[in-house]
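Just below is one structure, and these are the notes that go with it.
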There are 2 protein chains.
Amino acid sequence: MSDTNKPAVVLISGGLDSATVAAIAKERGFDIHALTFLYGQRHAIEIQAARKVAKAIGAIRHIVQTIDLRAFGGSALTDDIAVPKAASVEQIQEGIPITYVPARNTIFLSFALAYAEVVSASDIFIGVSAVDFSGYPDCRPEFIEAFQTLASLATKAGADGSKMKIHAPLVNMSKSETIHEGTRLGVDYSITHSCYDPNETGRACGSCDSCLLRRMGFQEAGQDDPVTSSCPGPD
Amino acid sequence: MSDTNKPAVVLISGGLDSATVAAIAKERGFDIHALTFLYGQRHAIEIQAARKVAKAIGAIRHIVQTIDLRAFGGSALTDDIAVPKAASVEQIQEGIPITYVPARNTIFLSFALAYAEVVSASDIFIGVSAVDFSGYPDCRPEFIEAFQTLASLATKAGADGSKMKIHAPLVNMSKSETIHEGTRLGVDYSITHSCYDPNETGRACGSCDSCLLRRMGFQEAGQDDPVTSSCPGPD
């Protein structure tokens, strides 16, 4: 193994998906430049989880970028709109939910591109999935492919013919497959946070889409969620 | 004319290109939602110009978004790197200059996309030009086209089949053509700011790429620059 691995930028939210993606990037031999956003989300507590995840994976640098998506609003995560709750995954409403934050992944990947360009990385990792997901348009494979095309054109290296690669290793994985993969890689899910609507002490609500998908994932994976308080369920 | 025009998001930097683009968007009948960035640029004085431009054009809202591109650095505009100076446009160095800010236009357009989605706009205007420009990769027509493809896939409307249009009306215009067009539309260039490296009182340096291109533009257009102090030249 060389002293210097290839650099990669990894988007880390503090949730279980991005923690798994960071472990995948590490296994593939990349030095990790972690990037997290304080964007006006109601669950800003996830930043603390992101810091733990970046530290646990041995990121060589972790930038937390503050941006203000509340200036635009339009989402239950960044505006005074209630986060929808349900009793089970089956009861999650069809269509693109109100927790969708307009252009969030486009914005996150754009900053990752700036970071990548400055550290001479040609690889960016993001933990989107189009399987057990909330129906967000910017989690689909065709979105990731379009961003990859853009990324190569947008940069100095791209102008010289180099390609930027956007890795979305979970895009075709179910939540339980992600958990299996992360467990194999030794991810400590006890430090991750998933809930969109935690209470003041950081305790998960247990009934938002993100809590429901997390609980289903651990159930299907046949594992206990180490964050025992994270998804206690509505009852 | 209807009471309610179609909304468009217009990126306004405070420079002469974006002031012209705002006038073009207005002429095409759009209600203007202006968007400007305080991104850590050394010429933050351009924000004042952007506010004047947005007001002059009658923008119905103007959001100034603060982001920190200094966290990444890598540019003379956002890092402790000297801005290159030259005596004339002919002496501007070949290639992508150190004033290039990694992924800046990708980031700006991503926020514009969020703004557009929230106000139900399908149109975004940006003042890039690939003629008299500094050689930035993210000013080329192929970059704009790639972003347009991405934008339609990235959004809620796009998921339903709607298209987002990225307008770059200056992309094939020289600086003097831009000035002619803006003059026809009544743009007040006296309120714009172009210099990358103004002194403490806001006076332009006269010899950065942006000053040189501006001066050349007004000369070729056969007009006096109303900002008489903006490009006094190096002598």
I'd like the residue in the range B:128-138 that is at the interface with chain A (Cβ under 10 Å from one of its Cβ atoms) and closer than 18 Å to B:V83 by Cβ and, out of all such residues, is surrounded by the most Cβ atoms within 10 Å (Cβ to Cβ). B:Y136
Among the numbered conditions (1) surrounded by fewer than 19 Cβ atoms within 10 Å (Cβ to Cβ); (2) within 14 Å of chain B (Cβ to nearest Cβ); (3) touching a residue at least 12 places away in the same chain (Cβ under 8 Å); (4) under 19 Å from the mean Cα position of the chain (by Cα), tell me where A:G202 comes up short. (2)
Determine which member of the set A:G58, A:G29, A:G74 is modelled with pLDDT of 95 or more and in contact with a helix residue (DSSP H, G or I) (Cβ under 9 Å, 6 or more places away or on another chain). A:G58
Identify, by number, the condition in (1) acidic (D, E); (2) over 24 Å from A:A34 (Cα atoms); (3) touching a residue at least 12 places away in the same chain (Cβ under 8 Å) that A:D138 doesn't meet. (2)
List pairs: first residue in the range A:22-49 and of a type in the set (S, T, N, Q), second residue in a strand (DSSP E or B) anywhere in the structure, Cβ distance under 6 angstrom, at least six positions apart or on different chains. A:T36/A:V64
Selection from the range A:86-98 of residues within 21 Å of the chain's Cα centre (by Cα), touching a residue at least 60 places away in the same chain (Cβ under 8 Å) and either surrounded by fewer than 16 Cβ atoms within 10 Å (Cβ to Cβ) or under 16 Å from A:R215 (Cβ atoms) (or both) yields A:V89, A:I92
Quick test of your reading of the structure: B:I191 fulfils all but one of (1) among the hydrophobic types (A, V, I, L, M, F, W, C); (2) more than 29 Å from B:Q93 (Cβ to Cβ); (3) more than 17 Å from the chain's Cα centre (by Cα). Name the failing condition by number. (3)
Taking the stated definitions as given, is B:L38 under 26 Å from A:A116 (Cβ atoms), within 13 Å of another protein chain (Cβ to nearest Cβ) and buried (at least 24 other Cβ atoms within 10 Å of the Cβ)? no
Give me the pairs, please: first residue somewhere in the range B:99-119 and within 7 Å of chain A (Cβ to nearest Cβ) and within 19 Å of A:S122 (Cα to Cα), second residue anywhere and assigned to a loop (DSSP other than H, G, I, E, B) and not small (G, A, S), beta-carbon distance under 6 Å, and either six or more positions apart or on two chains. B:Y100/B:Y136
Which condition number does B:E142 fail, the rest of (1) within 8 Å of chain A (Cβ to nearest Cβ); (2) buried (at least 23 other Cβ atoms within 10 Å of the Cβ) being met? (2)
If I filter the range B:51-80 down to residues being in contact (Cβ under 8 Å) with a residue 40 or more places away in the chain and within 9 Å of another protein chain (Cβ to nearest Cβ), which single residue comes out as surrounded by the fewest Cβ atoms within 10 Å (Cβ to Cβ)? B:I63
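Residue-by-condition table, conditions (1) at pLDDT 95 or above; (2) among the small types (G, A, S); (3) within 28 Å of B:G158 (Cβ to Cβ):
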{"site": "A:F147", "(1), (2), (3)": "yes, no, yes"}
{"site": "A:G158", "(1), (2), (3)": "no, yes, yes"}
{"site": "A:G161", "(1), (2), (3)": "no, yes, no"}
{"site": "A:H167", "(1), (2), (3)": "yes, no, yes"}
{"site": "A:M173", "(1), (2), (3)": "yes, no, yes"}
{"site": "A:R184", "(1), (2), (3)": "yes, no, no"}
All-but-one check, B:F133 against (1) part of a helix (DSSP H, G or I); (2) closer than 24 Å to A:S152 by Cβ, failing number (1)
Only one of B:Q223, B:Q219, B:Q148 is of a type in the set (S, T, N, Q) and assigned to a loop (DSSP other than H, G, I, E, B), namely B:Q223
Tell me yes or no: at least one residue of the range A:155-169 is surrounded by fewer than 19 Cβ atoms within 10 Å (Cβ to Cβ), assigned to a loop (DSSP other than H, G, I, E, B), of a type in the set (A, V, I, L, M) and more than 10 Å from chain B (Cβ to nearest Cβ). no
Which numbered condition in (1) in a helix (DSSP H, G or I); (2) facing another protein chain (nearest Cβ under 9 Å); (3) touching a residue at least 24 places away in the same chain (Cβ under 8 Å) is the only one that A:I179 fails? (2)
Condition first: under 27 Å from B:E181 (Cα atoms) and touching a His at 6+ places or on another chain (Cβ under 7 Å). Can you find one or more residues in the range B:81-102 that meet it? no
When the range B:36-55 is examined, which residues are found to be modelled with pLDDT under 90 and charged (D, E, K, R)? B:R42
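Hey, does the range A:189-199 have a residue that's without any contact (Cβ under 8 Å) to a residue 12 or more places away in the chain, surrounded by 19 or more Cβ atoms within 10 Å (Cβ to Cβ) and either within 25 Å of A:A121 (Cβ to Cβ) or charged (D, E, K, R) (or both)?
We begin by selecting, within the range A:189-199, every residue without any contact (Cβ under 8 Å) to a residue 12 or more places away in the chain; these are A:199.
Restricting the remaining residues to those that are surrounded by 19 or more Cβ atoms within 10 Å (Cβ to Cβ) gives none.
There is no residue in the range A:189-199 that is without any contact (Cβ under 8 Å) to a residue 12 or more places away in the chain, surrounded by 19 or more Cβ atoms within 10 Å (Cβ to Cβ) and either within 25 Å of A:A121 (Cβ to Cβ) or charged (D, E, K, R) (or both).
The values are calculated or read from the model by the stated rules, or taken from the named source; none is laboratory data. The model shown is predicted, which means the values in this text are computed figures rather than measured ones. Heads up, the Cβs are rebuilt from the backbone with ideal geometry, glycines too, and the neighbour counts pull from every protein chain shown.
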